[in-house]
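Everything below concerns the one structure shown next.
None of the figures in this text is laboratory data; all of them are computed from the coordinates on show. Not measured: the values here are computed from a predicted model. Cβ placement follows ideal geometry from the backbone for every residue including glycine, while neighbour counts extend to all protein chains displayed.
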Amino acid sequence: MTFKKMSKPILFWILFACLLGLSHNLSAQCAGTDNTVTVCNKDQDPGTQNFDLFSNLGGSPAPGGTWSTTDPANFFALDQVNGIVNLWEVKNSGVHEFTYTNPDCNESAVVTINLGGYPGEDNVDGSADACGDDPAVNLHSFIGDDTQGKIQDFNGLWEAVTPSAAGHLSGNIFNAQAAGVGVYEFTHTVPEVDTCPSRQVRLILEVQRPANSGVGTDLIVCTTDDLSGLTNFDLDGLLAGEDMNGTWSEGPNTDQLEDLTDHEIDVQAIRDQNTMGTFSFTYTVFPAHAVCSVERTTVNIVILPTFQATMEAVNYCNGSSEYTVNIADYDDTLIQSGTYDISYALTSGGITRESTSTLVLGNDGTGSFNIDADLTNLNEVTVLNITSLGEEVCPDIQVDPISFIVSDPMADVIDTCEGEDITVSLTNIFDASFDRTNGDYDVTYTILAPSGTTNTFTMNAVAFDSGNAALTLPADQISETGNHTIGFEVASGLTLDCVITDTVTITPIPSAIDLDLIVDNSCDATRIDVMVDAPLLADGGYVVSYEVISQETHAVLIDNTINFAGGMADYQIDLATLPQGNYTVTVGSTQNDTTPCRIDFDFELSENFAVEGIPQTPTADALQTFCLGMFAPNTPMLADIEVSANGQLLFYATATDMDILPLDTPLVDGEDYFISSMDPDNNCEGSDRIQVVVALSDLEPPTVMGMNPTFCGSENPMITDLNTSVNSTGDIVWFETALGGTPMEGTTLLIDNKSYFAATSNGQCYGVGRVEVVPTIYHLEPAIAEYPTLALCGLEHPTVANLVGAIEDTPYNIVWYDAPENGTPLADTDLLVDGMVYFAESFDPDTGCTNPERAMVTVDLSHCDPEDYGFFVPDGFSPNGDGRNDTFFVPNIEVIFPNFTLEILNRYGTTLFKGDKSTPAWDGRNRSGMAPNGVYFYIIDYHKEGYGPIQGRLYLNR
């Protein structure tokens, strides 16, 4: 260390100033005064590693202050508390300032160090090597002496002594790749600082020739190609510019290379064995010097699948934006199911149009894609070709083109009257040859009536001429009036993906003329009034005839006609001459008018009556009981009373009441009703009435024991499980509604939050009153694997508790099993096994319910970050049998990199050992016995994404 001394005159004035300051506040000098020192050759004085700044302050500084620097490069070199600076850590020569601040007097002083440069150490003994493929060689890495804590200055100047290196040097970075193989000399110079001279070191760098595995290309063939010419294919032909001292290796599923000297393969055999796929072969070249890395080039034999299938297009009707084309019989051993971007071409009318679509192939040998309807011509034959299925499929598409037509068939159905045949015209119909139909074809048509009913008929051998035909539909095939929709299909051999439809209106026949007969007393008639109401008839004279016929002898006893004008007529028939008996009076006429759809028709009206006719008296149980629950929500009515009679029943409130009660009159408990009958042959009511008393029966409703019972959905609860929720004096029957309905089957499955209603039953009757029970069915959502494969580190000894991270967020607990069904739950503390499949089941501890549908999670314990576990590769071992360090192995590599491979080579490049997870350690043996002491080389290929192969040296010392 060299200090710059002050001159005597300056020292005198400093001492004088100090004497003058004795009368002032002594605290003004508590930080000392500024001072400058010069330090040269710091690397030669170990004391500069602990340079004391405080002792280099001027004046009389008081301790207790702190040190600081404004240069961030010096921040970590300075101890701010005790003022010690490690000048070996100051990596730039020049002027450096350090400030001392004493808070007692709020004063500061600065120590300035003129620091001489350290250029590093000469490296000219040939130990400096770089690889010729490195574009950025850091020259600083060859001249430092960091083993002693000495680091050369970073602000020195690098210069090329060798002229050819000058153009490839930028600062301290040398482009060895651009400079090429050779020996290059450089200097590193640090400038003079104050009295410290400039210093320089030399570097001789040898750029070693890198390995070159060449530039590879892939061989692409199709599964259906003739590969007989590739049975002795030379892999070297797929490389360009490679070194000739490399060797070939192969991936799985090929088994083509016999040893490291083999470079010919049988592409046809690979195809025959695997059908299709991508098969990799790697060319490896080792460098001449260890500073360079092993180079590898991988080429692929790509065997693309050939699309072989049949294609079918239905013949389409105009109007859709897209048409679906079906694929069948595709060979799923050549091309997998999935989605493909395809190109296709459509040719019609002499014009070809091309477009793209998406082909979806299922796993059943079928698929489909859509074509653009705008690319087709209406009523012209279109030819469809598939031209490509993308780069992943061979361009040799073995699907024959197909033809189809887009047509616009039409039907015209003429409106008609009820009961008349229907006229239909069909136009624009094509046959299987894509020509407009000529000849006889069957036509099937479906009639949709206004009521919603449909009927289908077929008319055989309909004559077509140039796509047109006329046909008549029989009137008896339509039974309703109003608007009907008729759809047609023509068996012309051309399948249409639509139905030809039209709407026809069937106008109803007007209603008949209204006739009415009024008998004065049907049991003992003396006169009959005949009335005619025909408002649709025009004014004029019409004839209405009537007859009175004996029901016993069928003799016509009275025969007459009525003449009337306009639409109304009234006439009385005198029956005074008729003897006792039953009779029928008949009135009829035949009319024809101009009302739309009116046709000639006959109309007739008959009425039965009697002269002195008396009907029989009905019979019934005098007391009849009705279960109210069987009628709810309604109540039993008069029509529900059981009565036997030959005629029509009539109900009365009393024995003498003349007001007939309606049959829908509700029954009243304890009430009596009176019943007579009327003879329908003579409209005569009997004079005697029978009495019936009714009793309305009901049962006491159940009581609710639990309004909201709970069940687990996995147990499939049924209606019978609700019985424990109610209490009843009899049997229990369940309904879906509060009133009405039929009892539910006991095996009916319960529905969550659905209301069920219980009633009391005695086997013959059930009560009206019902109580409501609303069950809660707990249906747990199944556990869902968010990560079907859970990546963990086996070095952490993960347990079943760590599996929870693989399951989607769920409100339920998760129970783990080692089987998809049944099994014993696993404990959280059970250690996980690499590659094992675990099964998760949802469980709700509040309800005790589970969902037996289990999610599957596979455990991968190889996801360990090497840096977190001190991963390192040893540089030697001693296989001397002393039980220590007897094998060369990499700790924890089989867990962190389970697919790794290890190769040991001697200095001649001969492989001595190959290892993997099953044989991870080398015991120092080669084929001839124990390998001698010395340096060997290892190559480790981690076979894990993000980690490339590494190589290095190791020392064997017995």
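Details
- Rg to Rh, two decimals, where region 409-507 supplies the alpha carbon set and Rh follows Kirkwood: 0.97
- As a rough footprinting exposure proxy, the listed residues 943, 484, 96 were ranked by other beta carbons within 10 Å of their own, and the order from fewest upward is 943, 484, 96.
- Formal net charge of residues neighbouring residue 211 (Cβ-Cβ distance under 11 Å; K, R +1; D, E -1): -2
- Ratio Rg/Rh [Cα only; Rh per Kirkwood] for region 129-208: 1.00
- Rounded to the nearest 10 degrees, the inclination of helix 8-20 to the longest alpha-carbon principal axis of the chain is 60 degrees.
- The sum of -39500 (n - 2.57) across all DSSP H runs of n ≥ 4, divided by the residue count of the chain, sets its helix-only mean residue ellipticity at 222 nm to -1000 deg cm²/dmol.
- Whole-number D in µm² s⁻¹ for region 873-956, Kirkwood Cα-pair radius fed into Stokes-Einstein, 4 °C, 1.567 mPa s: 99 µm²/s
- The overall shape of region 568-725, judged from the alpha-carbon gyration tensor, is oblate: a/c is not under 1.5, and a/b is no greater than b/c.
- Summing charges over all other residues whose Cβ lies under 13 Å from the Cβ of residue 279, with Lys and Arg as +1 and Asp and Glu as -1, gives -4.
- Taking the number of Cβ atoms within 10 Å of each Cβ as an exposure proxy, the fewest-first ranking of 846, 669 is 846, 669.
- Given R0 = 35 Å, the distance between the Cβ atoms of residue 829 and residue 923 translates into a calculated FRET efficiency of 0.40.
- Over region 215-304, the Kirkwood radius and the radius of gyration, each from Cα atoms, give a ratio Rg/Rh of 1.00.
- Order of 839, 76 - criterion: other Cβ atoms within 10 Å of each residue's Cβ, fewest first: 76, 839
- Segment residue 44-residue 738, extension gain: residue separation times 0.36 nm, minus the distance between their alpha carbons: 239.3 nm
- Dipole size of region 623-697 about its Cα centre, with +1 on Lys/Arg Cβ and -1 on Asp/Glu Cβ: approximately 160 debye, rounded to the nearest 20.
- Extension reserve of the residue 373-residue 672 stretch, reckoned as 0.36 nm per residue once the Cα distance is removed: 99.8 nm
- Region 310-406: proportion of alpha-carbon pairs further apart than 24 angstrom, %: 18 percent
- Farthest toward the positive end of the dipole of the chain, out of 761, 777, 233, is the Cα of 233, where the dipole comes from beta carbon charges about the Cα centre.
- Charged-residue dipole, Cβ positions (Lys, Arg, Asp, Glu), region 129-208 about Cα centre, Debye nearest 20: 100 debye
- Debye, to nearest 20: dipole size of the chain, +1 on Lys, Arg Cβ, -1 on Asp, Glu Cβ: 7080 debye
- Among the lysines of the chain, pairs at least eight places apart or on separate chains and with Cα atoms under 17 Å apart come to 5.
- Scaled against the 2.2 N^0.38 Å expected of a compact globular protein of N residues, the Cα radius of gyration of region 153-300 reads 1.67.
- Neighbour net charge for residue 674 - beta-carbon separation under 12 angstrom, K R +1, D E -1: -4
- Extension gain (nm, one decimal) between residue 410 and residue 580, 0.36 nm per residue minus Cα-Cα: 54.2 nm
- Label-point separation, residue 200 to residue 463 (7 Å along Cα→Cβ), nm: 11.9 nm
- If R0 is taken as 51 Å, the Cβ-Cβ distance between residue 858 and residue 353 corresponds to a FRET efficiency of 0.55.
- Three principal axis extents of the chain based on alpha-carbon atoms, in descending order, are 176, 85, 69 Å.
- Calculated FRET efficiency for the pair residue 396/residue 947, C-beta based, R₀ 35 Å, to 0.05: 0.30
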